[in-house]
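Here is the structure we will look at.
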There are 2 protein chains.
Amino acid sequence: MDAFEVVGLLAATLTTASFVPQVAHTVASRSAKDISLAWLILFGTGIALWFVYGLSTASLPIILANGVTFLLLLVIAWFKFTLPHPLPEPAKETA
Amino acid sequence: MDAFEVVGLLAATLTTASFVPQVAHTVASRSAKDISLAWLILFGTGIALWFVYGLSTASLPIILANGVTFLLLLVIAWFKFTLPHPLPEPAKETA
C-alpha cells in the first residue's frame, strides 16, 4: 500500500464514518426534515454507482467507503420515510 | 474513456449534484439542525482528502466530484454555523 492509498483509505474512513454521528443525530432527534429528499435519492444512487466504479477499478477505498455508506444511508432513509418529525409523543402509532 | 470511467463520472455527477438540492433546501428552510455537526466536519475533511487522493491517482471523476462537493458543503456549513433555526420571520430574499 503506497502513501496515496493511505490518503484514500483515510478519506474513505472519514466520509463513511461521518454518517455514524449523522445516523445517531437522526435517531436521537427523530427528525430528518432538514435533510433534502432529493439529496437522499441522488446521493444514495450515486454512492451505489461509486461502489460499482470501485469494483470495476479494484479500488479498495472506494469499495469499502461506498458499501458501508450505502448501508448507513438506508437507516437515514428509513427515518426520513417512516417517521413524522418531530414525534409529538413516544407512542409508535399516532393517528 | 472506457465504460467504467463513464460509471465513475455518473457516480461523481450524482453524488456531487445531490448537494445542489440540499443547499437549496437549507437556504429555503434556513435550518440545518437535523444535519449533524460531526457529519459536516468529518465529511468535509474526508471530501478534502478524497480530492487529494483523486489528484494523486489522476482520477478525473474523484477530482471533480470532491472539489465541487467541498464548495457546496461550505454553503451548508455557513448556514449551520451562522443562522439561528428557524428564522422567526420570512426571509427577505432567497439566494
Which of the residues belonging to region B:1-38 are open to solvent by 70 Å² or more (accessible area, probe 1.4 Å) and among the hydrophobic types (A, V, I, L, M, F, W, C)?
B:Met1, B:Ala3, B:Phe4, B:Val6, B:Leu10, B:Val20, B:Ala28, B:Leu37
Out of all the residues in region A:1-51, which are at the interface with chain B (Cβ under 7 Å from one of its Cβ atoms), outside any loop (DSSP other than H, G, I, E, B), more than 19 Å from A:Asn66 (Cα to Cα) and small (Gly, Ala, Ser)?
A:Ser29
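Please enumerate the residues belonging to region B:12-27 that are over 9 Å from the mean Cα position of the chain (by Cα), at pLDDT 90 or above and hydrophobic (A, V, I, L, M, F, W, C). Give the derivation first.
As a first pass, look at region B:12-27 and keep what is over 9 Å from the mean Cα position of the chain (by Cα): B:12-14, B:21, B:24-27.
The next check asks that each one be at pLDDT 90 or above; those that pass are B:13-14, B:21, B:24-27.
Within region B:12-27, B:Leu14, B:Ala24, B:Val27 qualify.
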So, B:Ile41, is that one modelled with pLDDT under 95 and open to solvent by 20 Å² or more (accessible area, probe 1.4 Å) or not?
no
Scan region B:60-67 and give yes if some residue there is over 17 Å from the mean Cα position of the chain (by Cα) and open to solvent by 40 Å² or more (accessible area, probe 1.4 Å), otherwise no.
yes
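This table checks each residue for (1) modelled with pLDDT of 95 or more; (2) out of contact with any Pro (no Cβ under 9 Å at 6 or more places or on another chain).
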{"site": "A:Ser29", "(1), (2)": "no, no"}
{"site": "A:Ala32", "(1), (2)": "no, yes"}
{"site": "A:Leu37", "(1), (2)": "yes, no"}
{"site": "A:Gly46", "(1), (2)": "yes, yes"}
{"site": "A:Leu73", "(1), (2)": "yes, yes"}
{"site": "A:Lys80", "(1), (2)": "no, yes"}
{"site": "A:Leu83", "(1), (2)": "no, yes"}
{"site": "A:Pro88", "(1), (2)": "no, yes"}
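The values are calculated or read from the model by the stated rules, or taken from the named source; none is laboratory data. Keep in mind that this is a model prediction, so the values were computed, not measured. Ideal geometry is used to build each Cβ from the backbone, glycine not excepted, and the neighbour counts take in all protein chains shown. Heavy atoms of the whole protein, side chains included, go into the accessibility calculation; ligands, DNA and RNA do not. Shrake-Rupley method; radii C 1.70, N 1.55, O 1.52, S 1.80 Å.
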